[in-house]
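Here is the structure we will look at.
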Amino acid sequence: MQTRFSGAYDYTLDDRGRVPIPPAFRDALKPGGYIGAGADQCLHVYTLEEFERQAAIFDNLPEGDPLAEDARRDFYANFWPTQLDGQGRINLRDDLASRAGISQDARDVKVVGVGRRIEIWNAAAYAAREAERKRARAEIAAAGFAAAQPTPQGGA
């Protein structure tokens, strides 16, 4: 069964660079997971199962194609295994935290369930994008969720 994460939770980075994972998400990450740079200014946390699914996408890109090779390098170079500690926290590498705008001077974080992944945001950056998120959801809904439907293969 595919894990789905939902909800948005407020936390604070501790002095040792750790962020709590919401209790509702912890069981899915007990065996471990992967953390890395997301496409936006946030971090992505994947279960082991979802990381394998994401990795397969990059693994199936054509060997030798310069664009595909760079995409594959970027994906693998920016994800690391992670493990929950005894209190349900994960450690944020300094380079990843910095990429997401999280630091000892900007410690407030938002941990967000986004379906098959968890995102960790600088809380202020997440709040600043609220209008964009609401607009995107409204536009997709108004279009009848057509953008979310698979494109038919072959001709018409």
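The values are calculated or read from the model by the stated rules, or taken from the named source; none is laboratory data. In this text, all values refer to a predicted model and were calculated from it rather than measured experimentally. Every residue, glycine as well, gets a Cβ built from its backbone with ideal geometry; the counts of neighbours run over all protein chains shown. All accessible areas refer to the heavy atoms of the entire protein, side chains included, with ligands and DNA or RNA removed. Shrake-Rupley method; radii C 1.70, N 1.55, O 1.52, S 1.80 Å.
With θ taken as phi - 60° and the coefficients 6.51, -1.76 and 1.60, list the Karplus ³J(HN,Hα) couplings across the range 50-62 in order, rounded to whole Hz; mark glycine and proline as x.
Couplings: 5, 4, 4, 5, 5, 4, 4, 4, 6, 5, 8, 5, x Hz.
Please give the peptides 55-61, 39-45 ranked by average Cβ packing (other Cβ atoms within 10 Å per residue), highest first, as a rough proxy for protection.
On the way: 55-61: 12.6, 39-45: 20.0.
The most tightly packed comes first, giving 39-45, 55-61.
Using modelled amide H (1.01 Å from N, peptide plane; none on Pro or chain starts), what sits under 5 Å from the amide H of residue 3, excluding residues fewer than 5 places away?
Residues meeting the criterion, in which the H sits 1.01 Å from N, do not exist here.
Enumerate the calculated ³J(HN,Hα) couplings along the range 111-128 in order (Karplus 6.51 cos²θ - 1.76 cosθ + 1.60, θ = phi - 60°), each rounded to whole Hz, writing x wherever the residue is Gly or Pro.
Result, rounded to whole Hz: 9, 10, x, 10, x, 7, 9, 10, 10, 10, 10, 4, 4, 5, 5, 5, 4, 5.
Give the long-range amide H neighbours of residue 38: residues separated by 5 or more places, or on another chain, with amide H under 5 Å away, using H modelled in the peptide plane at 1.01 Å from N.
Amide H neighbours of residue 38: 43, 44.
Pick out which of 129, 93, 117 has the largest mean-square fluctuation in a Gaussian network model of the chain, springs linking Cα atoms closer than 10 Å.
129
Taking θ as phi - 60°, what are the ³J(HN,Hα) couplings along the range 36-49 by the Karplus curve (6.51, -1.76, 1.60), each to the nearest whole Hz, with x for Gly and Pro?
Each residue's phi maps through the Karplus curve to give x, 6, x, 5, 8, 7, 8, 9, 9, 10, 10, 5, 4, 4 Hz.
What is the percent carbon and sulfur in the accessible area of the chain, measuring with a 1.4 Å probe over the protein chains and ignoring ligands?
Values: 4900 of 9490 Å².
C and S atoms contribute 52 percent here.
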